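The values are calculated or read from the model by the stated rules, or taken from the named source; none is laboratory data. Since the structure is predicted, the reported quantities are computational estimates derived from the model, not experimental observations. Virtual Cβ from ideal backbone geometry, glycine too; neighbours counted across all protein chains shown.
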Amino acid sequence: MIMNSTKVAVVGSGISGAVCASNLARNGVSVTLFESARGPGGRMSQRREVAEDGKELLFDHGAPFFNANNTEVLGLVREWEAKGLVACWREKFGCFDRVSNKFVDLEQEGLISKRYVGIPGMNSVCRALCHEPGVESKFGVSVGRLEWLEDENLWSLIGLDGQNLGQFKGVVATDKNVVSPRFTSVTGRPPPLDLNLVTELAVKLNDIPVRPCFALMIAFAEPLSSIPFKGFSIKNSEVLSWAHCDSSKPGRSTSSERWVLHSTMEYAQTIIAQTGLQKPSNATLTKVAEELFQELQSMGLNISQPLFKKAHRWYAIPLDFVDRGAAFPATSIAREEKCLWDKNKRLAICGDFCVSPDVEGAIVSGIAAASKLTDVLSCL
């Protein structure tokens, strides 16, 4: 039996960290969750914007939906459905080919599985899990350093400002910025986890893939009646890979029609090569927004001018919704283990990069990390 005084830190409030924190808390572990952003969700977050007329606009600008095929994930989804946190998105999906400029109905092709969305936003599940009994969530708190105290057999977490964030018997890291040196050029500082502490995991952590993507959030006063689907992938485009009508999801406001477009990885890499990995300037984001929208307009779909248009850059994004061909390899660094694990130091590293680059993969990895820690803590 794990005592409630057993403290574990979870770094990152995306779906992997949120599921892990919830599972740990349900097994009697006292969890402190640290998130640098103002709220939970990671790439399942919901973006709030304001149109020129002052109207609030909400966008799921990261992962638009998720699938659930794994038995454990299905069990969680049923629980979330019962609580009203998720629902099935039952709109028809298609694929648009830029060569033929024609749509293909994916459901007629037999390419269909249940698509789930959070209610009222994709971040709803993460928000609920981060506030379950036994989970203390600290938002707007960035972890600057993870220190292993050998004599005390504990982890000490230090904030970016040097503040002591506490000592913990175990740590779960879900944020790529915390563990991967690949993201040093993104953050401008070395990762908080010194890889010399986990030499057996270091090689795999160096292999965490970076799949950049730009998202375009657009809103229209009237429905785009020329588009026969509420979500569609885009083939043979060098610029766009995916588009979905956010306002068509259950539980969303329909006062305006809101769409989210995702760029191809190659397009994002081209922009990054020109501007660098630092935070994009407003001028860069304006340029990207215009280029992504122009590509949509060039498809001959009779697209009107939007009342709102804004771009956002992601460094990595789940791939539930794109063609997993050569352009988007389904990379994982711990497919069998489902998370990276150092038993002696009670350190788990989990996320979509461990199992499969999608929301379901992130959930599976979070479950595995919680299981590893629960097992070892129960023996202390």
Is it fair to say Leu292 is out of contact with any helix residue (DSSP H, G or I) (no Cβ under 6 Å at 6 or more places or on another chain) and modelled with pLDDT under 90?
-> no
Can you tell which of Val29, Val77, Val50 is under 18 Å from the mean Cα position of the chain (by Cα), farther than 17 Å from Phe139 by Cβ and hydrophobic (A, V, I, L, M, F, W, C)?
-> Val77
Candidate set: the range 237-267, residues that are assigned to a helix (DSSP H, G or I) and at pLDDT 95 or above; chosen: the one surrounded by the most Cβ atoms within 10 Å (Cβ to Cβ) | Asp246
Would the range 216-223 turn up any residue that is out of contact with any Phe, Trp or Tyr (no Cβ under 6 Å at 6 or more places or on another chain), of a type outside the set (Asp, Glu) and outside any loop (DSSP other than H, G, I, E, B)?
-> yes
Test Val31 against the criterion of being closer than 28 Å to Ala348 by Cα, assigned to a strand (DSSP E or B) and touching a residue at least 12 places away in the same chain (Cβ under 8 Å), and give yes or no.
-> yes
When Phe96 is evaluated against the numbered criteria (1) at pLDDT 95 or above; (2) assigned by TED's automatic domain parsing to the domain that holds Val8, which criterion, by number, is the only one it fails?
-> (2)
Only one of (1) among the charged types (D, E, K, R); (2) surrounded by fewer than 20 Cβ atoms within 10 Å (Cβ to Cβ); (3) touching a residue at least 40 places away in the same chain (Cβ under 8 Å) fails for Lys287. Which number is that?
-> (3)
Counting only residues in the range 105-141 that are of a type in the set (Ser, Thr, Tyr) and part of a strand (DSSP E or B), the one farthest from Val77 (Cα to Cα) is identified as Ser137
Given the structure, is Leu24 under 30 Å from Ser378 (Cβ atoms), in the same structural domain as Ser356 (by TED's automatic domain parsing), in a strand (DSSP E or B) and in contact with a helix residue (DSSP H, G or I) (Cβ under 9 Å, 6 or more places away or on another chain)?
-> no
Would the range 184-198 turn up any residue that is buried (at least 16 other Cβ atoms within 10 Å of the Cβ), under 23 Å from Cys20 (Cα atoms), in contact with a Phe, Trp or Tyr (Cβ under 9 Å, 6 or more places away or on another chain) and modelled with pLDDT of 95 or more?
-> no
Quick check, is Glu56 within 28 Å of Ala221 (Cβ to Cβ), in contact (Cβ under 8 Å) with a residue 40 or more places away in the chain and not aliphatic (A, V, I, L, M)?
-> no
Could you tell me whether any residue of the range 142-149 is within 20 Å of the chain's Cα centre (by Cα), in a helix (DSSP H, G or I) and hydrophobic (A, V, I, L, M, F, W, C)?
-> no
Only residues that are over 16 Å from Gly75 (Cβ atoms) and surrounded by fewer than 24 Cβ atoms within 10 Å (Cβ to Cβ): list them for the range 354-371, please.
-> Ser356, Asp358
Selected residue (only one of Ser248, Ser225 is assigned by TED's automatic domain parsing to the domain that holds Pro306 and free of Cβ contacts under 8 Å to residues at least 40 places away in the same chain) | Ser225
Select from the range 333-353 the residues that are assigned to a loop (DSSP other than H, G, I, E, B), of a type outside the set (Lys, Arg) and surrounded by fewer than 22 Cβ atoms within 10 Å (Cβ to Cβ) and list them in ascending order.
-> Ile333, Ala334, Glu336, Glu337, Asn344
Where Ile234 falls short, out of the listed (1) surrounded by 21 or more Cβ atoms within 10 Å (Cβ to Cβ); (2) in a loop (DSSP other than H, G, I, E, B) = (2)
Please go through the range 209-261 and pick out each residue that is aromatic (Phe, Trp, Tyr) and within 23 Å of the chain's Cα centre (by Cα).
-> Phe214, Phe232, Trp242, Trp259
